[in-house]
Structures are given as structure tokens and as C-alpha cells.
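Participant: There's a structure below that I have some questions on.
Bear in mind these aren't lab numbers, they're just calculated from the coordinates by the rules spelled out. Quick caveat: nothing in here was measured; it's all calculated off a predicted structure. Here the Cβ is made from the backbone with ideal geometry for all residues, glycine too, and neighbour counts use every protein chain on show.
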Amino acid sequence: MHRRLNAPSGTHGRPPADGADVLPIDPDTAVPLPAEPAGVQRPARPRQWDVVAVVAVGGGVGSIARYTLARAWPTPVGGFPWATFTTNITGSLLLGVLMVHVLEVRPPNRYARPFLGVGLLGGFTTFSTYAVELRDLLARGHLAVADAYALTSLVVGLAAAWTGIAATRRLARPPVSGGPQRRAEADRTATTRPPSEGNR
């Protein structure tokens with residue numbers, strides 16, 4: 001599955017010979033698609049219910065974990081929302097760890113990022129609760145707490161994601177450089193398999 005960038009002027013919609021304008025939508029399942037002849041429309045992609053299912057399961061598990069933490073660690077009126085803050089910072093850290101493993105260390109896996117990234121961490125972290133809590137703090141006049149919550153969530157969240165990326169790259173075994181190479185090999189293998197084998 002790829003998306004095609006706007007063709008450079010003068011190419012009349014033809015892709016460059018080196019394929020530089022073709023970017024994978026999902027590197028975990030990226031298989032280069034042949035160019036369609038002019039005027040021919042590519043058939044619609046079949047629905048991938050298996051990927052939707054793993055996202056749903058991961059999202060359910062992540063949402064339950066977040067709800068459990070929020071119930072165990074309630075926020076008093078006007079207090080700092082530590083449960084949501086901890087949830088989002090932990091999720092940012094784990095997302096940094098995950099993306100290094102998915103994109104740089106391990107070979108492509110159809111379900112790893114949909115389940116762990118989109119589903120589990122997507123359900124575990126929350127922007128909507130953060131926004132509602134911030135709005136409530138402002139509405140009740142707790143401006144200092146609201147400012148601290150808004151600023152630290154952003155700064156510490158970015159720092160946590162960076163820490164996850166940097167630490168995982170440093171500690172990854174095998175070395176990080178092996179991941180992209182194995183991913184490229186897997187992509188080449190996928191393009192040379194007969195259609196019946198590539199869809200298993």
C-alpha cells in the first residue's frame with residue numbers, strides 16, 4: 001500500500017525512474033505496486049478486517065488499563081490530574097520504544113504496530129481527557145495548576161518519547177542497522193512471491 005506524491009512539473013504524471021515519489025503508507029505491509037497505465041483506475045483495496053480486529057482488541061485493552069488507573073488514582077477538585085498525566089507520559093515513552101523496534105530493529109510484522117501502537121497505546125493515552133481536565137481547571141479558576149498541567153504534559157511528553165527512542169536505539173540487539181536491511185529484504189521477497197503466497 002503506497003501513496004503517490006504530486007508529480008514534479010514536466011513529468012505529466014509519470015513517476016521518476018528511481019521511484020522516489022512512492023512512499024509506503026504502512027511500512028509493516030509495504031509492497032510496491034506496479035504503475036497503472038494512463039486512464040486505468042486501480043481497483044479498490046480489499047478491506048483488511050484482520051488488522052481492524054487487532055486494532056479493536058488493542059484499543060479495548062488500552063482503554064481498560066487507562067480507566068483502571070483513573071479509578072485507582074482520582075483527581076481532587078482543583079488538583080493536578082496525575083492519572084492522566086502519568087498515562088500520557090508513559091504512553092509517549094512506550095511509543096518511542098515501539099516505533100524504533102517496528103521501523104528500525106525488527107522485520108515487518110502485519111499486526112505489531114496496529115495492535116500495539118494504534119490499538120493498545122492509542123486506547124491507553126488520551127488527548128480528550130487531557131483537554132477536558134485542562135478546561136475544567138481553567139473554568140474553576142485554578143490557573144496555576146492548569147498552566148503547569150498544560151506545559152508539563154507537552155514538555156515531559158516530548159522528552160519521554162525522545163528518551164524512548166534514544167534508549168531503545170542504544171540498547172537494541174541486534175544493532176539498529178539490521179532492521180531496515182531485513183525490512184528491505186522482506187519487501188523484495190514479497191514482490192517476488194506468487195500472489196497466492198504473498199497473501200497468506
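Participant: How long is the gain from TRP49 to VAL77 if the chain were fully straight, where each residue apart is worth 0.36 nm and the alpha carbon distance is subtracted?
Facilitator: 5.8 nm
Participant: Counting other Cβ atoms within 10 Å, keep those with at most 14, restrict to DSSP loop, and tell me which trypsin sites (Lys or Arg not before Pro) in the range 78-178 are left.
Facilitator: Hits after loop and neighbour filter: ARG110, ARG140.
Participant: For ARG169 and ARG140, calculate 0.36 nm times their separation in residues minus their Cα-Cα distance, and state this gained length in nm to one decimal.
Facilitator: Values: separation 29, 0.36 × 29 = 10.44 nm, distance 4.35 nm.
Additional length available on full extension: 6.1 nm.
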